[in-house]
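Taking it in order: structure first as structure tokens, then the write-up.
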Amino acid sequence: MQQDLSEQRCGPRGPLSGIRVLDLSAYIAGPYGCSLLADQGAEVIKIEPPTGDNLRKYPSTLEAESRAFVGVNRSKWGMVLDLKQSAELATLLRLVREADVLVHNFRPGVPERLGIGFEQLTQINPGLVYCSVTGYGATGPLRNKAGYDQVLQTMTGMCAMQAKDDGPPEILYGSVVDYYASALVAAGVSSALYERTQSGIGQHVGVSLLRAALTMQSARLVWAEGEPRAIGRDMRSGGITGIHPTRAGHLYISANTPHFWQALCEKIGLPELATDARYASVRLRARHHEELVPLLRQALAARSALEWEALFGEAVPCAAARAVEDMFDHPQVAAEGMIADFAHPTLGSYRGFTRAIAFDRTPGPAPFAAPTLGQHTQQLLDTLGRAPRE
């Protein structure tokens with residue numbers, strides 16, 4: 001790449017240094033999957049239409065840019081191409097010749113109409129790893145239906161499982177399906193790149209939100225022969241495991257093993273519960289939760305959630321309920337180097353997450369801020385030898 005762009009990839013090499021990724025995707029699943037590749041050293045070019053990624057337009061308390069867009073698109077160069085224009089499409093095809101990976105989230109059939117389908121691009125670059133992110137997959141009756149995180153949550157039983165007793169289905173906020181799909185994008189692309197070292201050719205990698213939503217529920221998606229439909233498939237252990245009120249704040253406790261159960265009983269001043277045969281296993285404690293939970297909560301009322309967290313230490317798995325803002329300065333997050341400082345052309349300086357995976361020998365270069373719309377278009381065109389656009 002041109003010197004001023006390559007300088008943004010300063011620092012040690014990552015496992016994917018030297019790999020070039022063309023990111024044509026929008027929203028979260030595809031773009032964040034590409035950011036995970038960038039974390040590992042890949043050169044990622046985010047290619048947007050003139051109107052930009054729709055995530056840029058999402059509501060945000062930041063005036064200059066969407067918080068979601070900035071958080072999802074770190075460490076990428078930004079380029080604008082209108083693929084409906086023949087000259088712009090030709091530019092993309094020139095980029096494809098030198099690329100290792102292309103990621104998009106067009107609905108099935110759209111890439112072929114644009115001239116960027118898998119078969120079309122592999123004629124130009126047989127080694128291309130081509131990843132398509134869809135709502136429901138490339139085949140089947142729903143292949144052309146638009147898919148979004150919470151749509152798939154609702155469809156696949158996640159919302160019904162989240163519902164309170166006798167209450168309506170509830171959404172799991174945080175785009176959990178999108179983010180899990182992004183992990184599948186990064187994993188699938190990396191596996192295809194490894195296989196390419198053996199075969200010398202690329203392949204089509206398919207990731208869908210439907211696959212992501214069902215993958216997250218693998219522990220529930222087990223139906224033994226002869227089992228009825230209406231049977232408990234939830235994996236929650238029940239009983240005392242869960243979120244409980246304290247004198248100030250709430251505390252999540254998980255004490256399923258005999259060791260942790262005994263430690264919990266001792267720490268809250270009820271050691272006799274640990275030796276009571278009625279509560280000797282997770283199943284028994286779940287069965288007797290109406291007896292146990294009031295005793296536990298009465299004891300927890302003596303201290304705040306943060307005080308209990310400190311008192312339990314390593315003896316009892318637990319966490320005080322915090323706001324996400326508390327994570328910016330949490331000592332464990334700091335020790336693991338998960339928050340970095342970024343400089344953005346319009347936002348100025350900000351702090352954000354980085355490095356979802358820790359590599360010892362090849363940690364990867366330093367991250368940099370998400371691009372503004374088309375920020376590096378001219379510089380990238382210059383690397384292709386084109387004259388400046390008017």
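The values are calculated or read from the model by the stated rules, or taken from the named source; none is laboratory data. Bear in mind the structure is a predicted one, so any value in this text is a computation, not a measurement. Counting neighbours? That spans all protein chains shown, and the Cβs are built from the backbone with ideal geometry, glycine included.
So here's what we get for this one:
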| read-out | value |
| --- | --- |
| Residue that is among the charged types (D, E, K, R), in contact with a Lys or Arg (Cβ under 8 Å, 6 or more places away or on another chain) and more than 16 Å from Ser75 (Cβ to Cβ), where the choices are Arg361, Arg303 | Arg303 |
| For His259: the one exception among (1) touching a residue at least 24 places away in the same chain (Cβ under 8 Å); (2) part of a helix (DSSP H, G or I); (3) exposed (fewer than 15 other Cβ atoms within 10 Å of the Cβ) | (1) |
| Residue match in region 220-240 (condition: of a type in the set (A, V, I, L, M, F, W, C), surrounded by 18 or more Cβ atoms within 10 Å (Cβ to Cβ) and more than 22 Å from the chain's Cα centre (by Cα)) | yes |
| Close pairs from region 307-333: first exposed (fewer than 13 other Cβ atoms within 10 Å of the Cβ), partner at pLDDT below 95 and in a helix (DSSP H, G or I), Cβ under 6 Å, at least 6 apart | none |
| Meets criteria (closer than 26 Å to Phe342 by Cβ, touching a residue at least 12 places away in the same chain (Cβ under 8 Å) and outside any helix (DSSP H, G or I)) for Val133 | yes |
| Only one of Cys10, Cys34 that is under 15 Å from Phe368 (Cα atoms) and at pLDDT below 95 | Cys10 |
| Search result, residues across region 186-217 that are surrounded by 14 or more Cβ atoms within 10 Å (Cβ to Cβ), of a type in the set (S, T, N, Q) and farther than 16 Å from Cys34 by Cβ | Gln203, Ser208, Thr215, Gln217 |
| Meets criteria (in the same structural domain as Ala68 (by TED's automatic domain parsing), more than 27 Å from Ala68 (Cβ to Cβ) and surrounded by fewer than 18 Cβ atoms within 10 Å (Cβ to Cβ)) for Gly157 | no |
| Scope region 320-341; condition outside any loop (DSSP other than H, G, I, E, B) and either among the aliphatic types (A, V, I, L, M) or in contact with a Lys or Arg (Cβ under 7 Å, 6 or more places away or on another chain) (or both); matching residues | Ala320, Val324, Met327, Phe328, Val333, Ala334, Ala335, Ile339, Ala340, Asp341 |
| Verdict on Thr362 being more than 28 Å from Leu81 (Cβ to Cβ), of a type outside the set (Phe, Trp, Tyr) and not assigned by TED's automatic domain parsing to the domain that holds Thr257 | yes |
| Lone qualifier among Arg283, Arg303 - being in a helix (DSSP H, G or I) and of a type in the set (Lys, Arg) | Arg283 |
| Residue list for region 143-154, restricted to those being free of Cβ contacts under 8 Å to residues at least 60 places away in the same chain and either within 25 Å of Asp234 (Cα to Cα) or surrounded by 22 or more Cβ atoms within 10 Å (Cβ to Cβ) (or both) | Gln150, Val151, Thr154 |
| For Arg355: the one exception among (1) at pLDDT 95 or above; (2) among the basic types (Lys, Arg); (3) assigned by TED's automatic domain parsing to the domain that holds Pro15 | (1) |
| Gly71 vs. criteria crowded, with 24+ Cβ neighbours inside 10 Å and in the same structural domain as Asn105 (by TED's automatic domain parsing) | no |
